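Read through the structure below, which is laid out as structure tokens, and then see the notes.
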Amino acid sequence: MSHAEADHDTRRSRQWLGGEARGAGVDRERLLELGAAMAALTAAADEREPVAVAPAPVGVDPGTPIAKPLRSELLRPLDTNAEMRWTALAGQGYVVPNDRFFVRNHTVTPRLDADTWRLRLFGTGLRGAPTRDAPVEFSLDELRRLPAEESTALLECAGNGRRYFAEQQDDPAPGVAWGLGGVGVARWRGVRLGTVLRLAGLRDDAVDVMPEGLDPDYVTGGVNLGRVRRPLPIAKALDDVLLAYEMNGEPLPADHGFPVRVVVPGWIGISSIKWVGPVEVSTTPLFSPWNTRFYRMFGPGHPAEGTMLGAQPVKSAFELAWDARVSAGAELLLRGRSWSGNGPIDRVEVDTGDGWRPADLVAADRGGPWQRWTARWRPPAPGRYTLRARATDTTGATQPTRTRANTLAYLFDGIVHHPVTAL
């Protein structure tokens, strides 16, 4: 079975629509009703999906929306989320430091006790079919005693760049108004999910694995959808998925999944479940609201059940303040980063008002999850300028002038117009 996100999503969508996939807690008919309501709700660009917090799991402090300090020079608050400011990356090296890594919360950051926390695996995909109430358990200390691995991986919210649908294209864009700061690269350390699955008694006929967060239940449209969860095919789970307990050489911060989170390289950020607790392993296909009603493309040109998101598209960002003030006549070294879910970046071009020209790529980044680059520019005179950057990845995918609109405003990949004023 393929472990590509688009392949898995397509297969599971067909099975879900055919009544062949299983999702405990929310029935298929109710999800279809909710989907219709969501489509109507998001038709207006000024709507914001309400967040309601159900009672937290037993033994879990429900916490606050975000635990870490939201220093204004590093992060921009967005409802229960926080977007990284690109100026905060200047001179920071390849990875994003923990204090400025973006935060995506459906509800709030819970406070968990590492001593009492347990990873709980259950389901028909494990020998003996342990139940949710009597699972196979691992403590944090037990996970730390297993062979550790480190992965430098990029995480990105599917709505990253959403604000530009409205600002540049006049397309309605409901939801969290992310700029380009809903993305980050970090060094994650932990144990492979595949290692733990095998120790728990993985069966040969297991097909899906669904990690579930310990943050409070998510309530929307008057429906309690339960904890955030999203299935993975067993092939992906056994490939490169990590149960991470460290981030950039430090214990995992609360906002980023303490004590343990899932890191799913190459897939959209919602797959990398934070504060993971229960993990269902099944011999039958699984689904959840987070792969049937959310994180799908709805709207004109898409079927009623939506279209899979697929890989994150190509994006580029300047490490420069929005509407920055610079000196006319003085040479400026522009810095930025580009990335793509399809594969490494092959080339980057920059336009400062006089046509496209190649940017200089940092050689050490070649083949990595994102690519740093530079370009020199001397503003010829005082006035307003628009900077643009576009990247092309190794598959040939590049950034278009305009992104095709979709109801929930996912996967913006257009060339962003970055304003600058020379004085």
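Carbon-plus-sulfur fraction of the accessible area of the range 315-420, 1.4 Å probe, in percent? Don't jump to the answer; show the numbers that get you there.
Values: 2210 of 4650 Å².
Taking all protein chains in place, the range 315-420 shows 47 percent carbon and sulfur surface.
Divided by 2.2 N^0.38 Å, where N counts the residues, the Cα radius of gyration of the range 199-341 comes to 1.35. In the chain, helical runs assigned H by DSSP with n ≥ 4 each contribute -39500 (n - 2.57); averaged across all residues and rounded to the nearest 500, the mean residue ellipticity at 222 nm is -3500 deg cm²/dmol. Normalised radius of gyration (Cα atoms, divided by 2.2 N^0.38 Å) for the range 170-231: 1.67.
Tally the DSSP beta bridges in the chain and give the antiparallel ones as a percent, rounded to 5. Numbers along the way, then the final one.
On the way: 72 of 79 bridges.
If I count the DSSP bridges inside the chain, around 90 percent turn out antiparallel.
Please compute the volume of the convex hull spanned by the alpha-carbon atoms of the range 269-338 and report it per residue in Å³. Walk me through the intermediate numbers first.
Working: hull volume 13.4 nm³, N = 70.
So the per-residue Cα hull volume is 192 Å³.
Annotation: per residue accessible area for the chain equals 39 Å², rounded to a whole number [probe 1.4 Å, protein chains only]. Taken over the C-alpha atoms, the range 333-402 has Rg and Dmax values of 12.8, 40 angstrom. What separates the Cα centres of the range 350-423 and the range 267-319 is a distance of 26 Å. A P(r) calculated from all alpha carbon pairs of the range 78-183, with 10 Å bins opening at zero, reads 12, 25, 29, 22, 11, 1 percent. In the set (i) 1.52; (ii) 0.99; (iii) 0.94, which value of Cα Rg over 2.2 N^0.38 Å was calculated from the structure you see? Correct label is (ii).
When the Cα convex hull of the range 307-423 is projected onto planes of every orientation, the mean area is 7.7 nm². Shape analysis of the range 172-275 places it in the oblate category; the axes a ≥ b ≥ c from the Cα gyration tensor give an a/c of at least 1.5, with a/b not above b/c.
Expressed as a rounded percentage, what relative contact order does the chain have, with Cα pairs under 8 Å and six or more residues apart?
Details: 1024 pairs, mean separation 76.6, N = 423.
Reported as a whole number, the value is 18 percent.
For the peptides 67-79, 100-112, the ranking by mean Cβ contacts within 10 Å, running from highest to lowest, is 100-112, 67-79.
Using the per-residue mean of other Cβ atoms lying within 10 Å as a proxy for protection, in what order, highest first, do the peptides 348-354, 315-321 fall?
Details: 348-354: 18.1, 315-321: 21.7.
The packing order, highest mean first, is 315-321, 348-354.
Highest mean first, the peptides 361-367, 341-347 sorted by other C-beta atoms within 10 Å per residue fall in the order 341-347, 361-367.
The tail of the calculated P(r) for the range 380-419 beyond 16 Å holds 51 percent of all Cα-Cα pairs.
Label-to-label distance, Asp113 versus Ala381, with points set 7 angstrom from Cα along the beta-carbon direction: 7.0 nm. For the range 204-251, what D do you get in µm² per second when you plug the Kirkwood radius from alpha-carbon pairs into Stokes-Einstein at 25 °C and 0.890 mPa s? The diffusion coefficient I find is 185 µm²/s. Report in % the part of the accessible area of the range 129-202 that belongs to carbon and sulfur, leaving out ligands and nucleic acids; probe 1.4 Å. Taking all protein chains in place, the range 129-202 shows 44 percent carbon and sulfur surface.
The values are calculated or read from the model by the stated rules, or taken from the named source; none is laboratory data. Predicted model only: the values in this text are computed from it and were never measured. A quick note on method: Cβ atoms are made from the backbone with ideal geometry, for glycine too, and the neighbour counts reach across all protein chains shown. Side chains included, ligands, DNA and RNA excluded: accessible areas come from the protein's heavy atoms. Shrake-Rupley method; radii C 1.70, N 1.55, O 1.52, S 1.80 Å.
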